[in-house]
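This report concerns only the one structure given below.
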Amino acid sequence: MASVGLRGWALCTVSLLNSAFVFISGADFIRFISFRAIYHNITGDTTLCQDSIPWSVALQDSSVLGSLFVDLGLLALFIVQHSLLAWSPVKHALQSVLGTLNRTAYCFTTALALQIIMRYWQAVTGAPCLWSVRHAPWSIWFPLLCFSLHFLCWAIICSILMIFDYPELLGIKQVYYDCLGLGDPLSHKSPRAQRLLSHLRHPVCLELGVVLWLLPALSLDRLLLAGTLSTYLALAHSLDKQDLAYLCIQLNHKLQLFAEPHQGSGDASDHKEE
């Protein structure tokens, strides 16, 4: 029993440390992809682009092409990591080796890939912007509008992740359930919930799309980042009409609970964890 207890403590420690790393990486990613880009434009006087340089000259500049090549390689690293470890043969192989830490390892490598992207990302400053809001009064108000909408989108994303069982998403729940002998947390969810999660782990496509594209100035490297991640999001999910119907049923159920809170405690026992 002592060895089992020590094993459980070790697994919990690894899982919690990984969660802290993922949380820090998430905060860094928000600053990198959203608020830093707006901060450069908050006065409407951006230094991200050189509008005086023609596109024909910029696209022949070795420094511009070199930066785009590095950025494309960084995005390819993230996409390969995120897709390869989610591929069923690789997933089952890692499951047999790592056991309950499989999801933890997936989240750790994802956070590590994001850290590499943020650390080595090359901003393209030797080319024009695709668009840039610089004329008053929009040079002041539009960056503030972008900041507000980005903040709202990130708040929605965090809320959705919490609703979609954040501890299970990070791999914490798998370790906890294993220590208590409860099996896989997904087995305690309804079949329709399991089907939805198998098609899309974190349904934040719309909000992330707004964050990627809604900026006061769109530089060439940001176009590469937004275009690549948007395409990957569009191709990665496989939601269908059954998933949409299930989400609508769950949304209506939640709205009914909020509308009639006095019935919530009585109805809760009639529903399996979803």
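Simple spin-label model, 7 Å along Cα-to-Cβ: Ile24 to Trp141 in nm?
Going from the Ile24 label point to the Trp141 one covers 4.2 nm.
As an exercise, take the mean of 1/r over every pair of distinct alpha carbons in segment 101-212, invert it, and state the Kirkwood radius in angstroms.
The Cα-based Kirkwood calculation yields 17.5 Å.
Output the peptides 95-105, 123-133 sorted from most to least packed, where packing is the average of other Cβ atoms within 10 Å over each peptide's residues.
So the peptides 95-105, 123-133, ranked by packing, come out 123-133, 95-105.
What Kirkwood hydrodynamic radius, in Å, does segment 51-133 give when the mean of 1/r is taken over all pairs of distinct Cα atoms and then inverted?
In segment 51-133 this quantity evaluates to 15.2 Å.
If I model segment 164-246 as equal point scatterers sitting on the Cα atoms and use the Debye formula, what is log10 I(q)/I(0) at q = 0.11, 0.16, 0.23 Å⁻¹?
-0.45, -0.76, -1.07
Just to verify a number: FRET efficiency for Gln95 and Leu152, C-beta to C-beta distance, R0 = 41 Å, to 0.05?
Plugging the Cβ-Cβ distance into 1/(1 + (r/R0)^6) gives 0.65.
Using θ = phi - 60° and the Karplus relation 6.51 cos²θ - 1.76 cosθ + 1.60, list the HN-Hα couplings for segment 146-153 in order, rounded to whole Hz, with x at every Gly or Pro.
Residue by residue, segment 146-153 yields 4, 4, 5, 5, 4, 4, 5, 5 Hz.
Report, largest value first, the span of the C-alpha coordinates of segment 103-166 along each principal axis, in whole Å.
Over segment 103-166, Cα extents along the principal axes are 48, 31, 14 Å.
If packing is taken as the mean number of other Cβ atoms within 10 Å per residue, what is the order of 142-148, 154-160, highest first?
In decreasing order of mean packing, 142-148, 154-160 become 142-148, 154-160.
Compute the FRET efficiency between Val210 and Leu244 as 1/(1 + (r/R0)^6), taking r as their Cβ-Cβ distance and R0 = 25 Å, and round to the nearest 0.05.
It comes out at approximately 0.80.
Applying the Karplus parametrisation 6.51 cos²θ - 1.76 cosθ + 1.60 with θ = phi - 60° to the phi angles of segment 180-185, what ³J(HN,Hα) value in whole Hz is obtained for each residue in order, glycine and proline being reported as x?
Values per residue, Gly and Pro as x: 8, x, 9, x, 7, x Hz.
If you stretched the chain out fully between Leu59 and His237, how much longer would it get, using 0.36 nm times the residue separation minus the C-alpha to C-alpha distance?
60.8 nm
Length gain on complete extension for the stretch Ala86 to Arg192, per 0.36 nm per residue less the alpha carbon to alpha carbon distance?
Between Ala86 and Arg192, full extension yields an extra 36.2 nm.
Using only the alpha carbons of segment 2-112, determine the length spanned along each of the three principal axes and report them from longest to shortest in whole angstroms.
For segment 2-112, the Cα spread along each principal axis is 70, 33, 18 Å.
Read-outs throughout are calculated quantities, based only on the coordinates presented, and are distinct from any laboratory measurement. All figures in this text were calculated on a predicted structure; none of them were measured in a lab. Note: ideal-geometry Cβ built from the backbone for every residue, glycine included; neighbour counts use all protein chains shown.
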